[in-house]
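The values are calculated or read from the model by the stated rules, or taken from the named source; none is laboratory data. Note that the coordinates shown come from a computational prediction; the quantities given were computed from them, not determined experimentally. FYI the Cβ positions are ideal-geometry reconstructions off the backbone, even for glycines, and counts take in every protein chain you see.
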Amino acid sequence: MSLVVEIALRHILYRVRQTLVAVAGVATGVGFSIMMAALMEGSQEDFMRLLIDALPHITVSDERRQAPLQPAEAAFDAAEIHGLTPDARRKGIKNPMAIMASLEGWVPGAVAPSTKAQAILRYAARDVAVSVVGIDPHREPKVSMLASQMRAGTLASLYRASNAIILGDRLAEKIGARVGSNITVQSSNAARIGAQVVGLFRSGVRAIDEGTGYVLIKTAQVLSQQTGLVNELRVRVGDIMAAQDVARRIEREVGYKAVSWQEAHEDLLSAFIVRNILMYAIVGAILLVASFGTYNIVSTITHEKTRDIAILKSLGLREVAVRRIFVLEALIIGLTGAMAGWALGYALTTGLGMIEIRNPMIDATRLPLVYSATHYAIASGAALASSLVAGYFPARKASRVHPVDIIRGAT
């Protein structure tokens, strides 16, 4: 063991109580940082998973972000036309099957057609405005989590009754319907059909569960009064983070508006950025407070060992070595505290995960937590950095001690 390390260890062990307090401060900071990071990231991932799974990753609608160029605009640079609309505009995506075949050739995922219509759902003298989405039960499980969100019935139940409909469980509760109930659905085009409830689903997103019903595509086309109408393509990709890039390419190739889940929830993503900044600010504050304990003990040791430092320097110990002693003391405290903080953080996270939630309004029974080595590395790195900074200033002061002044009693 080198002289520098031996002196540093002796200094730390000389004041065991203060050393343990400083180590406990660092451990507490690291432990609670790990627990908070696990909880914050876990809740964020759970919320994002809920939002992402509630809808397809990409939705291609029959809208366009910009109006197509008119012949005059294409021929003359000075020509500019606004607000031009035909007397009768046929809704829907043109040649949807051809577009689907083209997308399936390169999209890293699956594509499914759908027909969306706005309607009034009537049952037991209650009228509720809903979005009726026509789907293909064979393709839908490939692009959404609807099949796993079913609380009663299955997607195949749509084939078992004439004009069958699957309702969100909150919507069914609002109107008092249940599986087997016969309801009336009237579209904005005044088309009216009688439908039978064959299933209930819960996505976890209140707006969807309270205002959405799923039917077969042909049923939605009847409500829209347009045979063969497909006004949405639902796309699911293998890598959810690549959804935005895939949506841009789809929009360039087919010309229709393609909205990724990032674009659909950009306000929430912005809120998560602010939330993460707040989390790291709080964690930093905890570790900063813990570093004051390290600064206190190193500063105290420096003050008490001033005469010893003077003697060592008079015997030939250089300033760099003296500074290294006290910086090493701070790093030992920080490293020991970080290792103790790992155990504390794991215990706190495990204990938090054991808390049972009993709330009929939510499906989760446990807090969503993420166990990640990154949390331990970040918390430990911050603890060591703060300990290093806390130990540097007393170390610099100790290295500047003049042996002659101390030995003569001048200071």
Within region 1-46, residues under 28 Å from the mean Cα position of the chain (by Cα) and acidic (Asp, Glu) come out as GLU41, GLU45, ASP46
Of the candidates ILE286, ILE277, ILE250, the one satisfying the condition of being farther than 22 Å from ARG64 by Cβ and either touching a residue at least 40 places away in the same chain (Cβ under 8 Å) or among the hydroxyl-bearing types (Ser, Thr, Tyr) (or both) is ILE286
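Yes or no, residue by residue, for (1) assigned to a helix (DSSP H, G or I); (2) modelled with pLDDT under 80; (3) in contact with a Leu (Cβ under 7 Å, 6 or more places away or on another chain):
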site	(1), (2), (3)
ALA321	yes, yes, no
PHE326	yes, yes, no
LEU331	yes, no, yes
ALA338	yes, no, yes
ALA364	no, yes, no
TYR392	yes, yes, no
ALA398	yes, yes, no
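Taking strands (runs of 3 or more DSSP E) that fall entirely within region 111-208, which contain at least 3 residues that are surrounded by 21 or more Cβ atoms within 10 Å (Cβ to Cβ)?
Working: elements: 126-135, 150-152, 164-168, 182-187, 192-201.
In region 111-208, the matching strands (runs of 3 or more DSSP E) lie at 126-135, 164-168, 192-201.
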Do we have VAL215 as at pLDDT below 75, more than 19 Å from MET48 (Cβ to Cβ) and either of a type in the set (A, V, I, L, M, F, W, C) or in contact with a Lys or Arg (Cβ under 7 Å, 6 or more places away or on another chain) (or both) here?
no
Answer from ALA164, ALA191, ALA195, ALA156 - the residue that is touching a residue at least 40 places away in the same chain (Cβ under 8 Å) and out of contact with any Asp or Glu (no Cβ under 8 Å at 6 or more places or on another chain):
ALA164
Using the structure shown, decide if VAL370 is assigned to a helix (DSSP H, G or I), modelled with pLDDT of 70 or more and closer than 18 Å to VAL30 by Cα.
no
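Mind listing whichever residues of region 213-267 are assigned to a helix (DSSP H, G or I) and either aromatic (Phe, Trp, Tyr) or on the phi > 0 side of the Ramachandran plot (or both)?
TRP261
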Go through the residues of region 256-264 one by one and say whether even a single one is under 15 Å from the mean Cα position of the chain (by Cα), within 20 Å of MET40 (Cα to Cα) and of a type in the set (Gly, Ala, Ser).
no
